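Accompanying notes for the structure given below.
The values are calculated or read from the model by the stated rules, or taken from the named source; none is laboratory data. Because the structure is predicted, anything quoted here is derived from the model rather than measured. Here the Cβ positions follow ideal geometry from the backbone for every residue, glycine too, while neighbour counts run over all protein chains shown. When the accessible area is computed, the model is the full protein with side chains, heavy atoms only, and any ligands, DNA or RNA have been set aside. Shrake-Rupley method; radii C 1.70, N 1.55, O 1.52, S 1.80 Å.
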Amino acid sequence: MKIDHIEIHPVSIPLNHPYKDANRIETHSRDVVVKLTESGGASGWGAGSPRSFPTGETQASAMKILQENLVPLLKGKNPFDMEVIHEEMNAAIPFHYAPKSAVDCALHDLQGRMLGQPVYNLLGGKVRDEMPSFDILPLEPPEKTAEIAAAAKAAGTTAFKVKMNRDIRQSVTRVREVRRAVGDETMIVVDANTTWTPKLAVSVCAMIEEYEVTMVEQPVPGHDLEGMEFITRNTRVRIGADESMRPDYMAELMRRRAADVVNIKVNREGGLLPCKKAAALAELHGIEGLCGSVIQGALIDAAAAHLFASTPAIVYNESGKAPAWHQNDIATGLRVENGMVKVPEGPGLGVEVDEKAIRHFFPQD
Ligand SMILES: [Mg+2]
């Protein structure tokens with residue numbers, strides 16, 4: 001029971017439509033994929049999606065870290081020695097969460113396949129079978145955003161994330177128009193992606209309170225924990241931390257209670273084991289969890305589904321978009337029905353990876 005073969009692959013999976021927020025435009029899910037095979041012949045797959053914003057990771061840097069820092073320490077390891085492997089990865093190189101996440105998810109998939117159990121049974125067991133996923137509305141003019149929201153609502157979406165930026169007048173109008181388009185019963189959360197100052201955030205929260213916004217996510221830069229605390233204490237709207245939920249900020253964030261909701265991302269926390277620790281920390285502080293997502297393929301979404309399925313502290317979800325975002329993907333088997341993301345039931349992560357598709361989606365740029 002030793003890891004004796006390791007493969008790593010970059011994949012760039014085209015999006016059906018470009019994705020736009022306050023900081024960037026994306027055309028592909030640019031993931032890195034890890035396949036681990038143990039001496040008995042079982043294999044497990046995992047992926048991570050490196051983000052230049054806000055962690056400074058790229059697909060090329062993630063591949064280099066895997067090759068030079070992480071793959072060498074995995075050879076000969078017992079795939080169940082999760083804590084040891086995380087300790088050694090963090091000792092080998094700090095930060096670089098996406099490649100560590102790819103390794104962690106591949107280990108969980110491998111363990112589940114060796115035991116014939118879905119990963120949620122390795123994470124504490126299942127507390128739910130499915131969750132709705134926020135539909136993330138692109139940063140478009142208010143009327144166009146509202147049209148997109150109305151069409152998605154008609155197709156079954158029950159919750160929306162509206163992006164905002166420094167154009168406050170247009171951003172507030174966007175929220176108003178989306179609320180008008182989707183009606184009173186539909187959940188709306190807002191994401192400012194770090195573009196405001198603390199005082200401005202408090203003002204904007206007061207302006208959009210009447211539109212029954214469930215949460216305003218990351219109004220100020222991730223490192224500004226004092227600003228997050230100020231905003232959280234000075235508005236009735238729930239404040240969410242996303243860019244502030246880096247592993248090196250989160251203990252201080254929660255100690256200060258500088259957010260009401262924390263966005264826990266498999267990819268950014270460094271895998272499922274660190275996510276479970278982050279969720280435990282949130283639960284102990286009375287802070288709600290959100291199962292987060294970046295632009296990512298179905299292999300990462302599957303891992304996220306096992307996280308929300310096994311974690312009571314997670315009460316919101318935005319993962320599970322891969323089947324809608326991509327016409328083709330490297331992994332199949334993740335089901336989304338009537339806006340509900342279903343946790344896969346097979347062994348491991350419960351999705352199947354197509355090795356031919358991995359070659360097909362080799363990055364061209
Ligand atoms: Mg966000």
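Filter the range 173-217 for residues that are within 21 Å of ASP135 (Cα to Cα) and among the basic types (Lys, Arg); which is surrounded by the fewest Cβ atoms within 10 Å (Cβ to Cβ)? Residue satisfying both the conditions and the ranking: ARG180. Looking at the range 20-28, can you tell me whether even one residue there is exposed (fewer than 15 other Cβ atoms within 10 Å of the Cβ), away from the ligand (no atom under 16 Å from the Cβ) and modelled with pLDDT of 95 or more? Taking every residue of the range 20-28 in turn, none turns out to be exposed (fewer than 15 other Cβ atoms within 10 Å of the Cβ), away from the ligand (no atom under 16 Å from the Cβ) and modelled with pLDDT of 95 or more.
One residue stands out among those in the range 181-194 that are aliphatic (A, V, I, L, M) and more than 16 Å from the ligand (Cβ to nearest atom): the one that is nearest to the chain's Cα centre (by Cα), which is VAL182. Selection of first residues in the range 195-218 that are assigned by TED's automatic domain parsing to the domain that holds SER171 and within 16 Å of the ligand (Cβ to nearest atom) and of second residues that are open to solvent by 30 Å² or more (accessible area, probe 1.4 Å) and among the charged types (D, E, K, R), restricted to Cβ pairs under 6 Å at least 6 apart or on distinct chains, gives the following pairs, ordered by first then second residue: THR195/ARG166; MET215/ARG238.
How many residues are open to solvent by less than 10 Å² (accessible area, probe 1.4 Å) and within 16 Å of the ligand (Cβ to nearest atom) when one looks only at the range 244-268? Lay out the reasoning, then the answer.
Let us first name the residues in the range 244-268 that are open to solvent by less than 10 Å² (accessible area, probe 1.4 Å), namely 244-245, 253-254, 258-259, 261-264, 266-267.
Still in the running and within 16 Å of the ligand (Cβ to nearest atom): 244-245, 253, 258-259, 261-264, 266-267.
Here the count works out to 11.
You will find that of GLY41, GLY56, the residue that is on the phi > 0 side of the Ramachandran plot, modelled with pLDDT under 95 and open to solvent by 50 Å² or more (accessible area, probe 1.4 Å) is GLY56 and no other.
Just to be sure I understand, how many residues within the range 118-167 are open to solvent by 70 Å² or more (accessible area, probe 1.4 Å) and more than 17 Å from ALA304 (Cβ to Cβ)? Don't jump to the end; show me each part of the working.
The initial filter retains those residues of the range 118-167 that are open to solvent by 70 Å² or more (accessible area, probe 1.4 Å), namely 121, 124, 126-127, 129, 143-144, 147, 153-155, 158, 166-167.
Remaining after also requiring more than 17 Å from ALA304 (Cβ to Cβ): 143-144, 147, 153-155, 158, 166-167.
Qualifying residue count, the range 118-167: 9.
Of all residues in the range 6-26, those that are more than 14 Å from ASN165 (Cβ to Cβ) have Cβ atoms under 8 Å from Cβ atoms of residues that are open to solvent by 20 Å² or more (accessible area, probe 1.4 Å) and within 13 Å of the ligand (Cβ to nearest atom), 6 or more apart or on another chain, in TYR19/ILE136; GLU26/TYR19. The criterion of at least 1 residues that are farther than 26 Å from ILE358 by Cα is met, among helices (runs of 4 or more DSSP H) falling completely within the range 48-98, by 82-92. Checked against (1) within 12 Å of the chain's Cα centre (by Cα); (2) open to solvent by 10 Å² or more (accessible area, probe 1.4 Å); (3) over 24 Å from ILE188 (Cβ atoms), LYS276 passes all but condition (1). The numbered conditions (1) more than 15 Å from the ligand (Cβ to nearest atom); (2) under 30 Å from GLU337 (Cβ atoms); (3) out of contact with any Leu (no Cβ under 8 Å at 6 or more places or on another chain) are all true for VAL178 except (3).
Against the list (1) farther than 16 Å from ALA259 by Cα; (2) of a type in the set (A, V, I, L, M, F, W, C); (3) buried (at least 17 other Cβ atoms within 10 Å of the Cβ), the condition VAL220 fails is (1).
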